[in-house]
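The values are calculated or read from the model by the stated rules, or taken from the named source; none is laboratory data. Everything numeric in this text was worked out from a predicted model, so none of it was measured. Here the Cβ positions follow ideal geometry from the backbone for every residue, glycine too, while neighbour counts run over all protein chains shown. With ligands, DNA and RNA removed, areas are computed over all heavy atoms of the protein, side chains included. Shrake-Rupley method; radii C 1.70, N 1.55, O 1.52, S 1.80 Å.
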Amino acid sequence: MATVGRILLVEDDPRDTELTMTALDEYNLSNEVVVAADGAEALDYLFCRGKFQRRTSENPAVMLLDLKLPKVDGLEVLQQVRSDDKLKMIPVVVLTSSHEERDMVASYKLGVNAYVVKPVDFHEFVNAIKELGVFWAIINEPPPGSVRKK
């Protein structure tokens, strides 16, 4: 049986969160998802602050990161992750509705592992999430220090 890596989903749109969780549930990945509704909450999780101060210090196997977030935007989250020695190896997939080249270029300059534009079509969105979840949480070998479930 494959081990499953924890996914940190950083998404402020409740509908996209629900669709993502539904897609991941098909592969039994949804129970290993931590959802952060904004960039500040994502940083609190990653840096074990606030309501996450007692979580285990292991990093997620992957972070699915929206760019257009309240409080702290996705590019700032990515910049802080890549600037921290304990977090910088976390695979980060930008999952956004932005087709803007400047967002894509900025993401790659900050070290994102993949940039995925959210499909508008329901079935395409669900299939994209399934593929991302299976690859990053099961197939990919995450860096040392990542949470994995047997």
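Carbon-plus-sulfur accessible fraction, segment 51-118 (probe radius 1.4 Å, protein heavy atoms only): 50%. Take every DSSP beta bridge whose two residues both sit in the chain; close to 10 percent of them are antiparallel.
Here the Karplus relation 6.51 cos²θ - 1.76 cosθ + 1.60, evaluated at θ = phi - 60°, turns the backbone of segment 40-54 into coupling constants of 5, 5, 4, 5, 4, 4, 5, 9, 6, 10, x, 5, 9, 5, 9 Hz, with x for every Gly and Pro. In order along segment 112-124, the phi-based Karplus estimate (6.51 cos²θ - 1.76 cosθ + 1.60, θ = phi - 60°) of 3J(HN,Hα) comes to 5, 7, 7, 10, 10, 8, 4, x, 6, 5, 3, 5, 5 Hz; Gly and Pro are listed as x. Evaluating kT/(6 pi eta Rh) at 25 °C and 0.890 mPa s, with the Kirkwood radius of segment 62-150 over Cα pairs in the Stokes-Einstein relation, gives 178 µm² s⁻¹.
Per residue, the accessible area of the chain comes to 53 Å² when a 1.4 Å probe rolls over the protein heavy atoms. Annotation: peptides 94-105, 57-68, ranked by per-residue average of other Cβ atoms within 10 Å with the highest first, follow the order 57-68, 94-105.
Over the chain, calculate the relative contact order: mean separation of alpha carbon pairs under 8 Å at least 6 apart, over the residue count, as a percent. That works out to 32 percent.
Stokes-Einstein diffusion of the chain at 25 °C, 0.890 mPa s viscosity, Kirkwood radius from Cα pairs, rounded to a whole number: 162 µm²/s. Largest mean-square fluctuation among GLY111, GLY39, GLY50, in a Gaussian network model of the chain whose springs join Cα atoms under 10 Å apart, belongs to GLY50.
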